[in-house]
Amino acid sequence: MPPQIQSASSTPSTASSTAASPQTSTTPVLGEDDFLKLLTQQMQYQDPMDPMSGTEFASQLAQFSSVEELTDINTELGQSISANSVLTQSINNDLAATFIGKNVQATTNSFTYSGTGTTELGYNLPSAASTVTVNISDGSGNVVKTIQSAPTGSGDQSFTWDGTNDAGNQVGSGTYTFSVQATDSTGASITASPCIYGTVSGVRFNSTGTVFVIDGTEVPLSDILEIMQE
């Protein structure tokens, strides 16, 4: 008997090394296969002088069943979320096409000017202002036009730029930006949110999502503030 006891006490050291191997796997989460291997190793190398009770074994089998069920649920949820994502994107793409030809308001301070005609720009003021100054800059950041008679009322405001610079000359086509500086009667600054108005001429789908082409300017779907009534 003593040799058998000695053999039983020395064997678990080998078992612990063998049983621990599933945990050293590169798998970040213990799966059902790993759980089953651990349970099998535990049964194989249990102390013969103190074997696992039937109740304890049944409890561990129940745990294994729970792990398997949770794994299946996680897989099904992942597939469902992926399917819903594809469906949502497909619906958004279909709806986006209906925007073509619509007049919209979009939150951005960048716009494309064709070199002829006028452009409608705007901004939103949280409260009425005493003075509002708009600076329009070209693609190099140079201010080409300063408008000092912009609307001062609270809420959404719009104005039309005729495409001329401060000297009264017509500017060329290209990408322009504008900034709005507003102050109240005490001279304190009021934060103005710039926006543009235009017609959606196309829809594009890229890696960042759906974008609308508004008079030559690409605007993300999330930046569309309003679809204007015709």
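The values are calculated or read from the model by the stated rules, or taken from the named source; none is laboratory data. Because the structure is a prediction, the values reported are computed rather than measured. When we count neighbours, we look across all protein chains shown, and the Cβ atoms used for this are built from the backbone with ideal geometry, even at glycine.
Picking from residues in segment 142-178 that are without any contact (Cβ under 8 Å) to a residue 24 or more places away in the chain and more than 20 Å from THR116 (Cα to Cα), the one that is surrounded by the most Cβ atoms within 10 Å (Cβ to Cβ) is PRO151. Residues being in a strand (DSSP E or B) and more than 32 Å from the chain's Cα centre (by Cα): count how many of those fall in segment 122-139. Qualifying residue count, segment 122-139: 3. Which of the residues spanning segment 131-157 are among the hydroxyl-bearing types (Ser, Thr, Tyr) and either in contact with a Leu (Cβ under 7 Å, 6 or more places away or on another chain) or outside the structural domain of PHE111 (by TED's automatic domain parsing) (or both)? The one that is among the hydroxyl-bearing types (Ser, Thr, Tyr) and either in contact with a Leu (Cβ under 7 Å, 6 or more places away or on another chain) or outside the structural domain of PHE111 (by TED's automatic domain parsing) (or both): SER154. Only a single item in (1) at pLDDT 95 or above; (2) surrounded by 13 or more Cβ atoms within 10 Å (Cβ to Cβ) is not met by THR191, and it is number (2).
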